[in-house]
């Protein structure tokens, strides 16, 4: 028997969901859409992975942008994509969705000759199927002869290897050709042909999950008890009935007269915002328990909790909880009817579901605007010359790092737009500023509507904000600044954007060992949880410790602190690196003028040509990367010793 390296392999639909951002109206009236991965088995593969299972996916995607989006997202979510086939002849499926009210969800499938409906038995590697404890198949992928044959081939491979078969009925009448193409929202149309087809599948399954309507089609009756008995007559599988606000009920043997007489778990009082995707989250939670041998009551509770959280959110897969989030939700026996109104709980979802494993991060920061404007005036050059300079700094960053350590840049779009575009889409960590340079109280360069500004950015960009603050600022000033930071943080939440917050006490202000730590505590008290902090290296051991303790106490999921340079000599930075490396919360540096200041002046004065500038900045950047790496390695060695 093959080694079970995976808990679960899902097989079937994989598409892109385009969710209307406006609610309360028709799909015809949607003005903008958010893009997510979609498709029942794809969502389940992600949800189960988030909940701690090792998952894989068998499907096809197009050889185009949407196919790459799905593949890249799955990889970020920890799903094995080794058997996601790229179809060079077909496009990835699309779905347009809207939220009109808690009971109405217009839905439009674009799936004619799409990639995932071309899955072929030749795509199935029996050894891969055998590597999982269970194979999940879904109803849609029995709707044509080709995908039916492929799914049955995979089921035979799983059964031969001693694996379990999970069947999500996932009934969409439109995908069986039973409604007009514009009726994707319709969840139930009785049809004897489909019932007969499904009854030919259920005898081969170990676990069958569906809503009441889905069991109606599978069992051939509009009476739920009769439908369940129809399925039971053909299958010994465990049947799991999803019952909306009542949670779910499990039937392991004969079907009782009363639906409540099965096995159930805890349910949760939640206000429904969007039921689309709740079933996929439910299945993810149930499988977390089932594949780990938990009692049926626990499986039901996991399923109910996962589904309950998703119905309060906008998306499908991105809304599914992580295990850390689920554990907290269950520990508290729910988090009210609107869980994400609890800012700490919302932070837990955001932080534990985010992508990217950034560590020892070496960032070249050249987002400066007022400083570069001053340089242009000093050397009598037009501002477009600064744009050229920033493109050369980007070139130096690329040359210095190559394919080496995790690296990043911070670049503005006003003077450095071309450089910013060049660095986007390369797998680098990329941040861009939002603050109005020098503002105190904090102002945003785009004006008050920061969310609209973030909406125009590529998804990979982190929002960077510099705030000049002191914990002993006047109360009115402090309130203004914290209110601005809260608006920014809420905008980052709404747009799935990470936040790098740079805190610098105003020049000339009194500094104690706990000054920056106290300022950070005030920011946390305001309900703002930066993903990253960017801080001046402290000059006292007590200050390093105070910062570390604040982050540990207030946000265990903070990515960490990046050290800034403030044009400090490189020798000073090397000393700071050696100190920072003894505090694990410090994850790298974000330094600018210390690296490019002198070369930039020589270039603006005409003393350096482009190649010399690039070489000089490249050398400085490499030296700093090496110094940080040396400090980090020394810490690891000391801890190992």
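Going by the structure shown, is residue 540 surrounded by fewer than 20 Cβ atoms within 10 Å (Cβ to Cβ) and modelled with pLDDT under 95?
In short, yes.
For residues in the stretch 113-130 being part of a loop (DSSP other than H, G, I, E, B) and surrounded by fewer than 16 Cβ atoms within 10 Å (Cβ to Cβ), which is modelled with the highest pLDDT?
Top of the filtered list is 125.
Checking the structure you have, find out if any residue of the stretch 460-483 is surrounded by 15 or more Cβ atoms within 10 Å (Cβ to Cβ), within 21 Å of the chain's Cα centre (by Cα) and farther than 23 Å from residue 596 by Cα.
Scanning the stretch 460-483 turns up at least one residue that is surrounded by 15 or more Cβ atoms within 10 Å (Cβ to Cβ), within 21 Å of the chain's Cα centre (by Cα) and farther than 23 Å from residue 596 by Cα.
Which of the residues that make up the stretch 281-295 are in a loop (DSSP other than H, G, I, E, B) and either buried (at least 20 other Cβ atoms within 10 Å of the Cβ) or not assigned by TED's automatic domain parsing to the domain that holds residue 50 (or both)?
291
Every residue, every condition in (1) free of Cβ contacts under 8 Å to residues at least 12 places away in the same chain; (2) over 18 Å from the mean Cα position of the chain (by Cα); (3) within 17 Å of residue 105 (Cβ to Cβ), yes or no:
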site: 259; (1), (2), (3): no, yes, no
site: 265; (1), (2), (3): no, yes, no
site: 288; (1), (2), (3): no, yes, no
site: 297; (1), (2), (3): no, yes, no
site: 316; (1), (2), (3): no, no, yes
site: 332; (1), (2), (3): yes, yes, no
site: 340; (1), (2), (3): no, no, no
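Taking the conditions exactly as written (assigned to a helix (DSSP H, G or I), closer than 26 Å to residue 388 by Cβ and either touching a helix residue (DSSP H, G or I) at 6+ places or on another chain (Cβ under 9 Å) or assigned by TED's automatic domain parsing to the domain that holds residue 402 (or both)), does residue 590 satisfy them or not?
No; evaluated as a whole, the condition is false for this residue.
Restricting to the stretch 301-331, name every residue that is out of contact with any strand residue (DSSP E or B) (no Cβ under 9 Å at 6 or more places or on another chain), surrounded by fewer than 21 Cβ atoms within 10 Å (Cβ to Cβ) and either closer than 20 Å to residue 78 by Cα or at pLDDT below 95 (or both).
312, 313, 322, 323, 324, 327, listed by residue number.
Would the stretch 69-78 turn up any residue that is buried (at least 19 other Cβ atoms within 10 Å of the Cβ) and more than 21 Å from the chain's Cα centre (by Cα)?
The answer is no, given that none of the residues of the stretch 69-78 is buried (at least 19 other Cβ atoms within 10 Å of the Cβ) and more than 21 Å from the chain's Cα centre (by Cα).
Condition test on residue 519, is it in contact with a strand residue (DSSP E or B) (Cβ under 6 Å, 6 or more places away or on another chain) and over 27 Å from residue 406 (Cα atoms)?
Criteria met by residue 519.
Are any residues in the stretch 87-112 over 21 Å from residue 315 (Cβ atoms) and modelled with pLDDT of 95 or more, and if so, which ones?
If the condition is that a residue be over 21 Å from residue 315 (Cβ atoms) and modelled with pLDDT of 95 or more, then 87, 88, 89, 90, 91 are the ones that fit.
Among the helices (runs of 4 or more DSSP H) contained in the stretch 318-426, which hold 1 or more residues that are farther than 29 Å from residue 275 by Cα?
Correct list: 370-379, 383-401, 417-423.
Could you list, in sequence order, the residues of the stretch 1-54 that are in contact (Cβ under 8 Å) with a residue 60 or more places away in the chain, closer than 24 Å to residue 112 by Cβ, surrounded by fewer than 24 Cβ atoms within 10 Å (Cβ to Cβ) and more than 21 Å from the chain's Cα centre (by Cα)?
Correct list: 26, 27, 30.
Can you tell me which residues in the stretch 164-217 are closer than 20 Å to residue 300 by Cβ and either more than 35 Å from the chain's Cα centre (by Cα) or in a loop (DSSP other than H, G, I, E, B) (or both)?
Those that are closer than 20 Å to residue 300 by Cβ and either more than 35 Å from the chain's Cα centre (by Cα) or in a loop (DSSP other than H, G, I, E, B) (or both): 169, 170, 205, 206.
Filter the stretch 545-573 down to residues that are surrounded by fewer than 17 Cβ atoms within 10 Å (Cβ to Cβ) and either in contact with a helix residue (DSSP H, G or I) (Cβ under 8 Å, 6 or more places away or on another chain) or on the phi > 0 side of the Ramachandran plot (or both), then give me how many there are.
Looking only at that region, the number is 7.
What number of residues in the stretch 166-201 are in contact with a strand residue (DSSP E or B) (Cβ under 6 Å, 6 or more places away or on another chain) and closer than 30 Å to residue 127 by Cα?
Final tally of qualifying residues: 5.
Determine which single condition residue 181 fails, assuming it passes every other condition in (1) in contact (Cβ under 8 Å) with a residue 40 or more places away in the chain; (2) surrounded by fewer than 22 Cβ atoms within 10 Å (Cβ to Cβ); (3) within 23 Å of residue 55 (Cβ to Cβ).
(3)
Going by the structure shown, is residue 542 out of contact with any helix residue (DSSP H, G or I) (no Cβ under 9 Å at 6 or more places or on another chain), in contact (Cβ under 8 Å) with a residue 24 or more places away in the chain, more than 21 Å from residue 489 (Cα to Cα) and not assigned by TED's automatic domain parsing to the domain that holds residue 621?
yes
The values are calculated or read from the model by the stated rules, or taken from the named source; none is laboratory data. Remember, it's a predicted structure, so these values are computed and weren't measured experimentally. Neighbour counts are summed over all protein chains in view; Cβ atoms, including those assigned to glycine, are modelled from backbone coordinates with ideal geometry.
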